[in-house]
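The next block holds one structure in the form of C-alpha cells; read it before the comments.
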Amino acid sequence: QVQLVESGGGLVQAGGSLRLSCAASGSIFDIKSVDWYRQGPGNQRELVARITDGGGTMYADSVKGRFTISRDNAKNTVYLQMNSLKPMDTGLYYCYARWGIGRYGWGQGTPVTVSS
C-alpha cells in the first residue's frame with residue numbers, strides 16, 4: 001500500500017508560481033509512476049503531468065513550458081513546479097500513483113486558486 005499526501009496549494013495572482021509536493025509513504029519501492037491531476041470548477045479531472053520510475057516525464061499541452069514535474073527520491077516526494085500561472089489553472093490538484101500490479105491510489109488533493 002502507498003499513501004500520498006499533497007501540500008503547497010494556495011492563492012496566487014496570475015503570472016505567479018507555486019510548488020506542489022506529493023509525499024509518498026508505504027511501499028514506495030514498488031511505485032511505477034506518479035501523476036498530478038487537477039479538477040477545475042465544473043470540469044472533469046484531467047492529467048497534468050507524469051513522472052515514471054525511470055525518470056521519464058510527460059505533460060498536458062496546456063501546461064508545457066510552464067510546469068515541471070520532478071522527484072526527490074531521498075525525500076520520497078514528487079514536486080510540481082508551476083510557473084506563469086493562469087486563472088485556467090485553478091482547481092484541486094491531486095497526486096496519483098501506480099504501484100505493484102494493477103494497484104493505484106489518490107491523495108486528498110490540494111487547492112490552487114489563480115486570481116486575474
Near residue 97, within a Cβ-to-Cβ distance under 13 Å, what is the net charge of the other residues, with Lys and Arg +1 and Asp and Glu -1?
+1
Explain nothing, just compute: Karplus ³J(HN,Hα) = 6.51 cos²θ - 1.76 cosθ + 1.60, θ = phi - 60°, for every residue of segment 38-43 in order, whole Hz, x for Gly and Pro.
9, 9, x, x, x, 10
For the pair residue 45 and residue 113, the simple spin-label estimate (label points 7 Å beyond Cα toward Cβ) gives in nm 2.3 nm
Quick check on the chain: of the DSSP beta bridges with both residues there, what percent are antiparallel, nearest 5%?
90 percent
³J(HN,Hα) across segment 13-20 via Karplus (A = 6.51, B = -1.76, C = 1.60, θ = phi - 60°), whole Hz, x for Gly/Pro?
7, 3, x, x, 9, 9, 10, 8
For residue 2, other-chain or 5+-apart residues with amide H closer than 5 Å (H placed, Pro excluded) are 27
Amide proton proximity set for residue 58, modelled H, under 5 Å, gap of 5+:
50
Could you give me the ³J(HN,Hα) list for segment 81-92, computed from phi with Karplus coefficients 6.51, -1.76, 1.60 and θ = phi - 60°, whole Hz, x at Gly and Pro?
7, 10, 10, 6, 5, 10, x, 5, 7, 4, x, 9
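Read-outs throughout are calculated quantities, based only on the coordinates presented, and are distinct from any laboratory measurement. Worth saying up front: this structure is predicted, and the values here are computed from it rather than measured. Don't worry about glycine lacking a Cβ; one is built from the backbone with ideal geometry, like all the others, and counts go over all protein chains shown.
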